[in-house]
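Colleague: Here it is, the structure in full.
The values are calculated or read from the model by the stated rules, or taken from the named source; none is laboratory data. The structure displayed is predicted, hence computed values, not measured ones. Cβ placement follows ideal geometry from the backbone for every residue including glycine, while neighbour counts extend to all protein chains displayed. The area values use the complete protein model at the heavy-atom level, side chains included, leaving out ligands, DNA and RNA. Shrake-Rupley method; radii C 1.70, N 1.55, O 1.52, S 1.80 Å.
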Amino acid sequence: MGWNSWNAYSCTVTEADVRAAADALVETGLRATGYEYVVVDDCWMAEETADDGRLRADPADFPSGIPALADYVHDCGLQFGLYSSAGSHTCQGYPASLGRERLHARQFADWGVDYLKYDNCGDHRGRDPVDRYAAMGEALAAVERDIVYSICEWGRNAPWEWGRNVGGHLWRTTDDVVAKWRTRDDEFGLGICDIIDRTSALDIGAAHGPHGWNDPDMLQVGNGPDSGQSRHEPTDVRRPLTDAETRSHFALWCLLGAPLMVGTDLEALGERDRELLTNEHLVAINQDPLGLQATPDRRDDAVSVWSKRLRDGGAAVGLFNRGEERATIHSHADSVAVSAHNSYRVLDCWSGDEWETDGAFHAEVEPRDTVVYRVTPK
Ligand code: GLA
């Protein structure tokens, strides 16, 4: 859990934005909820490396340098993350780490980096992805600092099959998420519903668990099509995702056990978005110690029931309506991942209402919305 600069600021990110995000994580209560890592994505580097190949921060946008920024983030009680790529250059054309893994891993450790997002752009010099990602995994393992290794290979070469073996702690499973429900084939990126459908089709839940997580990309809660341009307007006013779509986005990411990386301008976080991101029931489902990924009971239908087992013997259940009509979605304790019992407590994770059932439960679900229940044996 944490915050990443990309979805809000793309290539305009500055040191001031990152400090402001760290402050806002504390002030909004997100840090107290568990959002912990502050990650600077692409474009923090200068256009040229130092003569010895070390990376340098952009002197205009990061005038205090990375170690001072890492100190600031640490002083806020947070962890600090940085970005590079397993190629000659980053996706925005800045110098990256292929062939300089040991040098850069040492540099990251010396700078106080706790998390590395490692992208797939630039010239690969003919090397295959497993080899390129293993080189950085070995370099990070060789430094005397624990650094979370976030593989961003976009799911092109099934990283869920080899991510753990190369030292990865999480790996992206798809192309980039954009702040839309769906994208057309000729548009950049994937919408929220596209990623949910793709995750369902990939059937990769078995690869997911403690110390190695499938990553369906960062949160777009609070973002508009012009994110990074219109600042200081409450996020829930300008977002293009409706309330229902935003709820489904957060609900499914929690059910999937996704790394919850907030990607919005936190200084402008609207109250509804703040409430969503700090919903204790949803975050508890996301962070459940069993670390399972929810699976759907059916694919391609307008409605589906996603469920995952929880450590207390109960289950988290998402009643997801991806269709355009209101739907009544029925399910039963027998068909979700809950231990068999005579009666169950059902908690509606949005409203906080609770009731008892001998097994059956249902919900009226608005188009593109998701109702989440926590079903616990009594
Ligand atoms: C790729 C990644 C994104 C982001 C950008 C930065 O597209 O998938 O998450 O890091 O690069 O350029």
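Colleague: In this structure, is SER10 closer than 30 Å to PRO240 by Cβ and either within 15 Å of the ligand (Cβ to nearest atom) or open to solvent by less than 20 Å² (accessible area, probe 1.4 Å) (or both)?
Modeller: Answer is yes for this residue.
Colleague: Considering every residue within segment 74-83, establish whether at least one is within 26 Å of LEU282 (Cα to Cα), among the hydroxyl-bearing types (Ser, Thr, Tyr), within 16 Å of the ligand (Cβ to nearest atom) and under 18 Å from the mean Cα position of the chain (by Cα).
Modeller: no
Colleague: With the checklist (1) in a loop (DSSP other than H, G, I, E, B); (2) modelled with pLDDT of 95 or more; (3) not small (Gly, Ala, Ser) in hand, flag the one item LEU282 doesn't pass.
Modeller: Condition not satisfied by LEU282: (1).
Okay, residues lined up against (1) touching a residue at least 40 places away in the same chain (Cβ under 8 Å); (2) open to solvent by 10 Å² or more (accessible area, probe 1.4 Å):
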| residue | (1), (2) |
| --- | --- |
| TRP162 | no, yes |
| VAL166 | no, yes |
| THR173 | yes, no |
| ASP186 | no, yes |
| ILE192 | yes, no |
| ALA206 | no, yes |
| PRO210 | yes, yes |
| MET218 | yes, yes |
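Each row is one residue, and each column tells you yes or no for (1) under 30 Å from ALA8 (Cβ atoms); (2) modelled with pLDDT of 95 or more; (3) over 24 Å from the mean Cα position of the chain (by Cα); (4) open to solvent by 70 Å² or more (accessible area, probe 1.4 Å).
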{"site": "ALA268", "(1), (2), (3), (4)": "yes, no, no, no"}
{"site": "GLN287", "(1), (2), (3), (4)": "yes, yes, no, yes"}
{"site": "LEU319", "(1), (2), (3), (4)": "no, yes, no, no"}
{"site": "THR328", "(1), (2), (3), (4)": "no, yes, yes, no"}
{"site": "ASP353", "(1), (2), (3), (4)": "no, yes, yes, yes"}
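Colleague: Also, I was wondering about something else. If a residue has to be within 22 Å of ALA22 (Cα to Cα) and touching a residue at least 12 places away in the same chain (Cβ under 8 Å) to count, how many in segment 41-98 make the cut?
Modeller: The number of residues fulfilling the criteria is 29.
Colleague: Where in segment 112-226 are there helices (runs of 4 or more DSSP H), lying fully within it, with 3 or more residues that are within 16 Å of the ligand (Cβ to nearest atom) and over 20 Å from GLU245 (Cα atoms)?
Modeller: Ranges flagged: 129-141.
Colleague: Now a separate question. Read through the list (1) within 20 Å of the chain's Cα centre (by Cα); (2) open to solvent by 20 Å² or more (accessible area, probe 1.4 Å); (3) within 16 Å of the ligand (Cβ to nearest atom), then give the number of the only condition that GLY34 fails.
Modeller: GLY34 satisfies all of (1) within 20 Å of the chain's Cα centre (by Cα); (2) open to solvent by 20 Å² or more (accessible area, probe 1.4 Å); (3) within 16 Å of the ligand (Cβ to nearest atom) except (3).
Colleague: Return the residues of segment 239-256 that are open to solvent by less than 10 Å² (accessible area, probe 1.4 Å) and in contact with a Gly (Cβ under 6 Å, 6 or more places away or on another chain); say none if nothing qualifies.
Modeller: Those that are open to solvent by less than 10 Å² (accessible area, probe 1.4 Å) and in contact with a Gly (Cβ under 6 Å, 6 or more places away or on another chain): ALA251, LEU255.
Colleague: Within segment 37-60, can you find the residues that are surrounded by fewer than 16 Cβ atoms within 10 Å (Cβ to Cβ) and either in contact with a Pro (Cβ under 7 Å, 6 or more places away or on another chain) or closer than 23 Å to LEU98 by Cβ (or both)?
Modeller: GLU47, GLU48, ALA50, ASP51, ASP52, GLY53, ARG54
Colleague: For GLY93, which of the numbered conditions (1) within 16 Å of the ligand (Cβ to nearest atom); (2) surrounded by 17 or more Cβ atoms within 10 Å (Cβ to Cβ) fails to hold?
Modeller: (2)
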